[in-house]
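Enquirer: Next up is a structure, given as structure tokens.
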Amino acid sequence: MEQYIIKGGNQLNGEVEIGGAKNAALAILAASIMTDETVTIENLPNVRDINVMLQAIEEIGAMVDRIDDHTVKINGSYIRDVVVDNEFIRRIRASYYLIGALLGKYKKAEVALPGGCDIGSRPIDLHIKGFRAMGAKVDIAHGLVAAEASELVGTHIYLDKVSVGATINIMMAAAMAQGKTVIENAAKEPHVVDVANFLNSMGANIRGAGTDVIRIVGVEKLHKTEYSVIPDQIEAGTFMFAVAATGGDVLVKDVIPKHLEATTAKLLEAGCKVEEFDDAVRIISNGKLHHTQVTTLPYPGFPTDMQPQMAVLLGLAEGTSTVTESIFENRFKYVDELTRMGADIKVESNIAIINGVQRYTGARVNAPDLRAGAALVIAGLVAEGITVIDDIYYIERGYERFEQKLSGIGARIEKVSDEKEIQKFILKVS
């Protein structure tokens, strides 16, 4: 079992490049099978979830040609099966995007119920509500979601709760439905806009993505396209917070600064300096952090996927801070692990009350999920002594070459696979 081993205490300096957005790429890969022509997708992150999605698409018959680590050509004309089910696809949350894609194109889909990180209840009732409103019959049995329609018909859909997954899924199905669909209370996240732009580049007619009302006029068929995925705002934010915690001066490249505004605002409140450029942000930190309050909200609010990283930062800030989690109820599972490193955090309901400490100390900890795992890496970078992080499988679901990128800006971190390699690292850094 692979682990990260970290010797804390190094400032981070230099430049780091950010990859494509995992959450946008997963939905775009699903949507790519909606045409019978060849689609080229660039700036794909080379992470586990992406590879699982590509494997699932290939298993139902699509032609998948991996040009390089970050580019793929897909042709959906060879699809012979609308049943998507294997042990790997059940582990990722984004499997449900294949329901919208297959239902839109073939008017039929059977897809394994989604898995992903255990960060709380993420029901797909809003997705099902949308499909049913367009005329599909939807059943859940034997761990599969089965959806079928003789014809999908455009309609007016109000989402009771802002949901990125439901917004994208309904948008995909509606792109090839008859007539006009209106989605109200739609999610406004950058990856919703990216998927809409991708579908439009294939000939879809989608307007209003990025606002809370999306209007879609269905088309009969979609055509080939070449498309580049947007940069990953969560990967960028993670590196920004790593610099803030450890101190240093890093240029985070290949980003869209507008997507990082909520993250940047909190870094400024915490006492860091942030400079924005056209496609980069520079973070300068002296490691002296101020307390603040944070509440996670749908975009353009502070992202729930940055909440654990923020808590690690505030654990080192002077005074008392609070972090309120309004999206997922299980998002504080990392608190016990962080407490083992010396943090002073108490969780009451959906609020973490954080009293800043002088320093963290190295310990052996487990990554409970993707973003919490990344947050524990940040804690290890700033901790005194050696930190070993187990279950890095979660982290690798969403961060490409994480340890190499961190090493490139001055971190002492390595991926190891046994106790012998751990001892070797300790000898090397001591």
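Enquirer: Can you tell me the FRET efficiency between R66 and E2 if r is taken as the Cβ-Cβ distance and R0 is 25 Å, rounded to the nearest 0.05?
Expert: 0.65
Enquirer: So the label point goes 7 Å from the Cα of K161 along Cα→C-beta, right? Which residues of the range 183-226 then have their backbone N under 16 Å from it?
Expert: Under cut-off, by backbone N: 185-188.
Enquirer: Counting only protein heavy atoms and using a 1.4 Å probe, what share of the accessible area of the range 309-430 belongs to carbon plus sulfur, as a whole percent?
Expert: 48 percent
Enquirer: Can you compute the modelled spin-label distance between S77 and E184, with each label point 7 Å from Cα toward Cβ, in nm?
Expert: 4.2 nm
Enquirer: If you add up the charges near R401, with Lys and Arg at +1 and Asp and Glu at -1, over every other residue whose beta carbon is less than 12 angstrom from its beta carbon, what do you get?
Expert: -4
Enquirer: Which loop-located GluC sites (Glu not before Pro) does the range 121-212 contain, where loop means any DSSP state but H, G, I, E or B and the Cβ has at most 16 other Cβ atoms within 10 Å?
Expert: E151
Enquirer: Count the net charge of all other residues whose Cβ sits under 14 Å from the Cβ of D36, scoring Lys and Arg as +1 and Asp and Glu as -1.
Expert: Neighbour charge sum, excluding D36 itself: +3.
Enquirer: Among the listed pairs K108/K180; K107/K188; K7/K266; K224/K253; K346/K405, give every one whose C-alpha distance is greater than 25 Å.
Expert: Result: K107/K188; K7/K266; K224/K253; K346/K405 exceed 25 Å.
Enquirer: Taking 0.36 nm per residue of separation and subtracting the Cα-Cα distance, what length does fully extending I426 through A265 add? Let's see the in-between values first.
Expert: Numbers: separation 161, 0.36 × 161 = 57.96 nm, distance 3.74 nm.
That pair, I426 and A265, stretches by 54.2 nm at full extension.
Enquirer: Using the C-alpha gyration tensor of the chain, what are the square roots of 5 times its eigenvalues, in whole angstrom, with the largest one first?
Expert: Details: eigenvalues 296, 98, 78 Å².
Equivalent ellipsoid of the chain: 38, 22, 20 Å, largest first.
Enquirer: Run the quick spin-label model on Q55 and H142: label points 7 Å from Cα toward the beta carbon, then report their separation in nm to one decimal.
Expert: My value for the distance between the label points is 2.2 nm.
Enquirer: Further question on the same structure: Let me have the relative contact order for the range 100-239, percent, based on Cα pairs under 8 Å that are six or more residues apart.
Expert: Relative contact order for the range 100-239 comes out at 21 percent.
Enquirer: For the chain, set up a Gaussian network in which alpha carbons nearer than 10 Å are linked by springs, and say which option among V243, V347, V84 fluctuates the most.
Expert: Checking each option, the largest mean-square fluctuation is seen for V347.
Enquirer: In bins 10 Å wide, starting from 0, what share of all Cα pairs of the range 175-222 does each bin hold, as a percent?
Expert: Using 10 Å bins, I get a P(r) of 31, 56, 13 for the range 175-222.
Enquirer: Determine which aspartates and glutamates satisfy two conditions relative to K288: a Cα distance under 20 Å, and not lying fewer than 8 residues away in the same chain.
Expert: Qualifying aspartates and glutamates at Cα under 20 Å: D249, E269, E275, E318, D344, E384.
Enquirer: Can you list, bin by bin at 10 Å, the percent of alpha carbon pairs in the range 73-174, starting at 0?
Expert: Calculated over all Cα pairs of the range 73-174, the distribution is 16, 50, 30, 4 percent.
Enquirer: What is the extension gain from S349 to T40, computed as 0.36 nm multiplied by their sequence separation minus the C-alpha to C-alpha distance, in nm to one decimal? All intermediate terms of the calculation are to be shown ahead of the outcome.
Expert: Details: separation 309, 0.36 × 309 = 111.24 nm, distance 4.56 nm.
The span from S349 to T40 would gain 106.7 nm if fully extended.
Enquirer: Normalised radius of gyration for the range 1-99, please: alpha carbon Rg relative to 2.2 N^0.38 Å, two decimal places.
Expert: The value comes to 1.29.
Enquirer: Here is a follow-up. Can you give the relative contact order of the range 227-355 as a percent, counting alpha carbon pairs under 8 Å and 6+ residues apart?
Expert: 21 percent
Enquirer: I'd like the antiparallel share, as a percent to the nearest 5, of DSSP beta bridges with both residues in the chain.
Expert: Percent antiparallel among DSSP bridges in the chain is about 70.
Enquirer: In a Debye calculation with equal point scatterers on the alpha-carbon sites of the range 142-211 and no solvent, what is log10 I(q)/I(0) at q = 0.13, 0.23, 0.26 Å⁻¹?
Expert: Each listed q corresponds, in turn, to -0.37, -1.06, -1.25.
Enquirer: Please compute the modelled spin-label separation between K224 and Q358, points set 7 Å along Cα→Cβ, answer in nm with one decimal.
Expert: 6.6 nm
Enquirer: Looking at N13, H142, L98, which one has the Cα that reaches farthest to the positive end of the dipole of the range 1-146 (charges on Cβ: Lys, Arg +1; Asp, Glu -1)?
Expert: Positive-end residue among those listed: H142.
Enquirer: Next up: Given the range 297-430, report the % of alpha carbon pairs whose separation exceeds 24 Å.
Expert: Every Cα pair in the range 297-430 considered, those over 24 Å come to 29 percent.
Enquirer: Okay, next question. How big is the equivalent ellipsoid of the range 238-351 along its three axes, where each semi-axis is √(5λ) from the Cα gyration tensor, reported in whole Å from largest to smallest?
Expert: Working from the Cα gyration tensor, I get semi-axes of 23, 17, 11 Å.
Enquirer: While we're here: Quick one: Cα centre-to-centre distance for the range 220-253 and the range 135-206, in angstrom?
Expert: A separation of 25 Å, based on Cα centres.
Enquirer: Roll a 1.4 Å probe over the protein chains and send me the accessible area per residue for the chain in Å².
Expert: Here the residues of the chain average 39 Å² of exposed surface.
Enquirer: Return P(r) of the range 366-430 (all Cα-Cα pairs; 10 Å bins starting at 0; whole %; ordered from short to long distances).
Expert: Over the range 366-430, the share of Cα pairs per 10 Å bin runs 21, 57, 22, 0 percent.
Enquirer: Could you calculate, for the range 330-400, the ratio of the Cα radius of gyration to the Kirkwood radius, expressed as Rg to Rh? Can you show the working numbers first?
Expert: Working: Rg = 11.9 Å, Rh = 12.3 Å.
With Rg and the Kirkwood Rh in hand, the quotient comes to 0.96.
Enquirer: Report D for the range 290-340 in µm² per second (integer): Stokes-Einstein, Kirkwood Rh on Cα pairs, 37 °C, 0.692 mPa s.
Expert: 289 µm²/s
Enquirer: If you don't mind, another one. Compute the relative contact order of the chain as a whole-number percentage, counting only Cα pairs closer than 8 Å that sit 6 or more residues apart in sequence.
Expert: Normalised by residue count, the contact order of the chain is 20 percent.
Enquirer: If you don't mind, another one. List the trypsin sites (Lys or Arg not before Pro) within the range 24-112 that DSSP assigns to loop and that have no more than 10 neighbouring Cβ atoms inside 10 Å.
Expert: Passing both the DSSP loop test and the Cβ count: R80.
Enquirer: Straight-line reach only, C-alpha to C-alpha below 12 angstrom: list the aspartates and glutamates that K129 could link to, leaving out same-chain residues fewer than 8 apart.
Expert: Within the straight-line limit of under 12 Å, K129 reaches these aspartates and glutamates: D139, D160.
Enquirer: So, one more: When averaged across all projection directions, what area in nm² does the alpha-carbon convex hull of the range 91-242 cover?
Expert: Mean projected area of the Cα convex hull: 9.5 nm².
Enquirer: Let me ask another. What accessible surface, in Å², does a 1.4 Å probe find on D85, ignoring ligands, DNA and RNA and rounding to the nearest 10?
Expert: Approximately 70 Å² for this residue.
The values are calculated or read from the model by the stated rules, or taken from the named source; none is laboratory data. All values derive from a computational prediction rather than experimental measurement. Neighbour counts run over all protein chains shown; Cβ positions are idealised from the backbone, glycine included. Ligands, DNA and RNA are excluded from the accessible area calculation, which covers all protein heavy atoms including side chains. Shrake-Rupley method; radii C 1.70, N 1.55, O 1.52, S 1.80 Å.
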